[in-house]
């Protein structure tokens, strides 16, 4: 199957094979959340991004290979409704942004901040703190040595704009972080995997930055 990033609830996962990681994307739950399973090609260690819902589907995706970590991108409930059951079934360690960790329904083993590194076997994900959608929202960057960067953004960046914010100050914070930590640092070919819906690239979204600022959402 050619990877398109287009998944539907109840449908199959889509698999993208990189030189060092295998990325499997699946949609779960009533809000069609994306969950991503990353497997190191060298060690077979696996990491799940957002145990959003439907733990049976997520555990089937993990399979017999086990799970080292579950990263929760932010504290909104639609991104962790399957977390407790996935942990019960795998005994994985939990990872979340420092400022959101206390709002999750489980004990967070690893509280991360901007610039921290989360391992996936022989590979690494760099934590990017993007304050605004929630105080502790994080994105995860895999800088593929054999290709362009891959960025898992939770609800901080979608095709067509940033994630929802509660007030103008939060919107400004998110836009400032997206500018300085994402668009100013990463190339157009960076592949973006959001928390809902289809994937995109920074190049596809970059021309719209002034429009997003002007409209305020």
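Each value in this text was obtained by applying a stated rule to the coordinates, not by laboratory testing. Worth saying up front: this structure is predicted, and the values here are computed from it rather than measured. Please note: Cβ atoms are built from the backbone with ideal geometry, for glycine as well, and neighbour counts cover all protein chains shown.
Against the main long axis of the alpha-carbon atoms of the chain, helix 168-177 sits at an angle near 70°. Look at 31, 175 and count the other Cβ atoms within 10 Å of each Cβ; fewest to most, that gives 31, 175. Of 193, 3, the sequence from fewest to most neighbouring Cβ atoms within 10 angstrom is 3, 193.
Residues 202, 186, ranked from the fewest to the most other C-beta atoms within 10 Å, line up as 186, 202.
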